[in-house]
Amino acid sequence: LAPLLALSSPFDAAAGQRVARDVRERIAREGISGLVSWLRKLLAPQLAERGRSRLEHMERLALGFDQQPDGRIPEFIRLVQDTAITEPAPGTVSVLTVHKAKGLEWDAVVLVDLEHSWKGRTSQIVVDRGEAGESDPLAPVQTVTLWPSEPLQELDPRLGAIAARQKATCIREAISGLYVALTRARRHLEIVLPNQPKASEALNSATILRSAFGLATAGVDGGLLKSWESGGKEDRNQSSRRSAPVSRRVQLSFAPVPDELRGAHAPSRSHQAEDARAILRESALHADARTAGTVWHAWFETVEWSEEWKLTDAELEARARPFGWSPEQCREHLSEFRKWMSGPAAAALSRKRYQGRPGLAEVAREWGLAWNTQGLVSGRMDRVVIGLIDGKPAWAEVLDFKTDRVQSREEAVDRYRAQIDAYRHALARCLRLPLASVGGLLLFVKSGLVCELEDKAANAEQ
């Protein structure tokens with residue numbers, strides 16, 4: 001759309017004002033439906049059938065909306081967001097793991113394969129920071145040891161406590177992963193829970209969801225599929241009502257797994273089952289950590305360049321207030337935030353980082369983008385720095401703030417490479433840059449790590 005409107009750069013203020021003026025004048029003459037019709041005809045030669053169908057649907061909505069007196073553009077935007085396309089054209093299906101889906105959204109999401117154990121593989125070498133490490137990833141290291149076997153855990157209570165803390169960390173991360181999976185859908189979410197022939201309290205996402213839904217744990221014929229549709233305007237106006245999931249019984253058949261592919265199951269594992277509701281209660285204790293992450297992101301949004309950032313504590317407290325934080329809670333984090341801003345972040349968020357690059361560096365914060373490579377995907381980038389030469393982008397870098405805990409650069413890159421690469425591809429397409437000209441940077445505020453992601457393709461060519 002940008003080339004058709006003669007927009008060469010998102011930072012060209014004069015061009016932006018010209019386009020905004022033209023759009024307002026067209027709406028005044030022809031209504032919102034006239035604007036959408038003009039855009040549909042303009043874009044039709046470059047869109048696939050699915051894109052054309054969606055614009056035709058939007059035009060029909062606009063025709064009805066224009067009949068309302070005093071209809072305003074924000075109200076039309078909400079109408080479009082809340083109205084599902086009843087007969088959408090077929091679109092590409094993306095198959096991703098939960099980690100690769102972080103930071104992305106789709107209109108419809110189906111969750112499957114939820115039976116994997118949350119215990120995961122334990123690290124051979126354990127770095128333990130004691131009880132303080134559960135809330136403070138920078139707490140002093142108290143013990144470094146090889147992973148203790150179960151007999152050793154029973155012999156030495158200290159080793160048992162270390163193992164318990166490591167398992168609790170794995171469970172908290174798994175609960176966070178389940179939360180990510182459940183919040184990727186904008187409009188439609190389906191969860192498939194296959195039949196369990198025997199009662200089980202294995203610690204996994206399926207067990208947690210069965211417990212939350214109040215479902216039978218065994219002996220159910222066929223699989224159970226839970227389905228949600230996002231509420232419309234009527235549901236929002238009746239805030240006391242909560243939409244319940246629609247259940248329908250389906251018969252699922254699964255190909256038998258060959259014996260050589262079946263995982264071994266030790267009888268000694270049976271005593272490790274834990275109550276699902278207790279795990280859910282434990283996650284509620286860490287709701288404050290999720291809120292802290294949201295507040296930190298809001299604080300980072302105030303930073304254009306670190307050397308010019310001068311917000312007072314009172315101003316930062318005002319930014320945190322909408323999230324329910326009291327002044328006391330703010331003060332607990334402000335010193336840590338300022339310490340981080342004067343340490344690892346100072347160089348990463350500084351103008352000096354880009355002094356050797358050509359052009360003028362401009363900053364965009366909380367920049368939302370949508371792209372259509374493997375289906376329609378959208379995401380919001382914490383921070384983007386773009387180098388402009390004569391008003392046109394010449395290079396760019398995506399910076400993403402993370403508040404979870406990582407122990408090493410390798411773990412950080414492995415966990416988030418897919419997300420950052422997706423952002424890089426979208427930004428390269430938006431700014432019409434080669435992918436090699438778009439960098440990626442991860443900033444882990446709790447671990448103090450700043451990780452620059454190298455371009456795999458460029459490295460392969462070298």
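For the reader, a short list of remarks on this structure follows.
- Residue selected from the stretch 25-46 under the condition without any contact (Cβ under 8 Å) to a residue 40 or more places away in the chain and closer than 30 Å to I389 by Cα, by the criterion surrounded by the most Cβ atoms within 10 Å (Cβ to Cβ): L39
- Residue in the stretch 187-195 that is open to solvent by 40 Å² or more (accessible area, probe 1.4 Å) and over 20 Å from the mean Cα position of the chain (by Cα) present: yes
- Test: residue in the stretch 400-419 that is assigned to a strand (DSSP E or B) and of a type outside the set (K, R): yes
- A single entry from A347, A289 fulfils the requirement of being of a type outside the set (F, W, Y), modelled with pLDDT of 85 or more, out of contact with any strand residue (DSSP E or B) (no Cβ under 6 Å at 6 or more places or on another chain) and not in a loop (DSSP other than H, G, I, E, B): A347.
- Candidates A2, A44, A13 - the one that is modelled with pLDDT under 90, of a type in the set (G, A, S) and more than 16 Å from P393 (Cα to Cα): A44
- Across the stretch 137-183, the qualifying residues are those that are assigned to a loop (DSSP other than H, G, I, E, B) and in contact (Cβ under 8 Å) with a residue 60 or more places away in the chain, and the one among them that is farthest from L114 (Cα to Cα) is L138.
The values are calculated or read from the model by the stated rules, or taken from the named source; none is laboratory data. Quick caveat: nothing in here was measured; it's all calculated off a predicted structure. FYI the Cβ positions are ideal-geometry reconstructions off the backbone, even for glycines, and counts take in every protein chain you see. These area figures cover heavy atoms from the full protein model, side chains too; ligands, DNA and RNA do not enter into them. Shrake-Rupley method; radii C 1.70, N 1.55, O 1.52, S 1.80 Å.
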